[in-house]
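Some notes on the structure that comes next.
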Amino acid sequence: MDSIFSNNKQIKTVPTFSELVSTDFKGENNALCWYRNLEGDFNDIVSKLQLKENITVVEPNDLLALQLSEQGAIAREIILNDLQLLTDFGASPVLNLLKCYERDDEFDFISTDVYSYHVDRSPIATDTFLCTYHGAASDIIANEHAQQKILIPEIREKLKALHDGPSEEFEDFLKDNYFDLHYQAQPNATPTNLGTGHLWRLAVDHPTQQVPPCIHRAPIEKDDEYRLLLIC
């Protein structure tokens, strides 16, 4: 399938939802993309939703209550259909209106918020699904172009100094505080922006996963623009 991602070994594009959920990750591929050029006016939806907190969950009934233009109504049907497809598949999709995520500034040498390159972890076999309908979109990066932060010597030494316990419990300390999930991009790394409208499935770190988990990060939001994001 031709797309702007066709020459990226990390990404495999598919033309349907059924292929998105049934295709296996293999080799360097740990990101699947249902590539779409969506019709509809998603800004019409965003402009009429009310942001109650920095992250506001938008329920289907909230969407249905909006008085929208014809193009806005087309966008609404697309979102509702995506929510239904994922729900029927067995996932638990959430639609968020986003101003920003909470920042982690507790330590100056390592961050554990979603603006840092990170992977998702699950004790069960699952994947992360996401679609940005409006606003800035997330980035992913090839695993070979990033290094786990806990393996960077100067960061590891600072984490050891922070750890208040026996040395044999240090690895558990790293996992319990999610330090091991975060990565630093190499200087020559080129991130791939996921764009708007495409529905993505990203590999997660779990015991039966056959490929490395997908390293990704949330974008820095624009001050005057909210994001509309489906995620599960």
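The values are calculated or read from the model by the stated rules, or taken from the named source; none is laboratory data. Small disclaimer: the values here were computed from a predicted structure and weren't measured. Cβ placement follows ideal geometry from the backbone for every residue including glycine, while neighbour counts extend to all protein chains displayed. Quick note on the areas: whole protein, heavy atoms, side chains included, nothing else; ligands and nucleic acids left out. Shrake-Rupley method; radii C 1.70, N 1.55, O 1.52, S 1.80 Å.
Filter the stretch 183-232 for residues that are outside any strand (DSSP E or B) and of a type in the set (D, E, K, R) and give the result. The answer is GLU221, LYS222, ASP223, ASP224, GLU225. If you go through the stretch 108-118 and keep only what is touching a residue at least 12 places away in the same chain (Cβ under 8 Å) and either closer than 30 Å to VAL21 by Cβ or exposed (fewer than 14 other Cβ atoms within 10 Å of the Cβ) (or both), you end up with PHE109, THR112, ASP113, VAL114, TYR115, SER116, TYR117, HIS118.
When ARG103, ARG121 are screened for being surrounded by fewer than 18 Cβ atoms within 10 Å (Cβ to Cβ) and in contact (Cβ under 8 Å) with a residue 24 or more places away in the chain, only ARG121 passes. Considering only residues that are within 19 Å of ALA137 (Cβ to Cβ), at pLDDT 95 or above and either of a type in the set (S, T, N, Q) or open to solvent by 30 Å² or more (accessible area, probe 1.4 Å) (or both), which ones fall in the stretch 198-227? Correct list: ARG217, TYR226.
Right, ILE45: more than 24 Å from CYS214 (Cβ to Cβ) and hydrophobic (A, V, I, L, M, F, W, C) or not? Here the answer is yes, as ILE45 does meet what is asked. When you scan the stretch 184-206, do you find a residue that is of a type in the set (Phe, Trp, Tyr) and under 17 Å from the mean Cα position of the chain (by Cα), even just one? Yes; the residues of the stretch 184-206 include at least one that is of a type in the set (Phe, Trp, Tyr) and under 17 Å from the mean Cα position of the chain (by Cα).
Annotation: of all residues in the stretch 138-161 being among the hydrophobic types (A, V, I, L, M, F, W, C) and open to solvent by less than 30 Å² (accessible area, probe 1.4 Å), the one that is nearest to LYS222 (Cα to Cα) is ILE140. The set of residues in the stretch 183-197 being modelled with pLDDT of 95 or more and of a type in the set (A, V, I, L, M) consists of ALA185, LEU194.
Listed by position, the strands (runs of 3 or more DSSP E) inside the stretch 107-164 whose residues that are within 20 Å of VAL204 (Cα to Cα) and in contact with a Cys (Cβ under 8 Å, 6 or more places away or on another chain) number at least 2 are 127-134. Among the residues making up the stretch 1-23, those that are within 19 Å of the chain's Cα centre (by Cα) and not β-branched (Val, Ile, Thr) are PHE5, ASN8, LYS9, GLN10, LYS12, PHE17, LEU20.
Against the definition (more than 17 Å from the chain's Cα centre (by Cα), surrounded by 12 or more Cβ atoms within 10 Å (Cβ to Cβ) and within 22 Å of ASP108 (Cβ to Cβ)), how does ASP164 come out, yes or no? It is false that ASP164 is more than 17 Å from the chain's Cα centre (by Cα), surrounded by 12 or more Cβ atoms within 10 Å (Cβ to Cβ) and within 22 Å of ASP108 (Cβ to Cβ).
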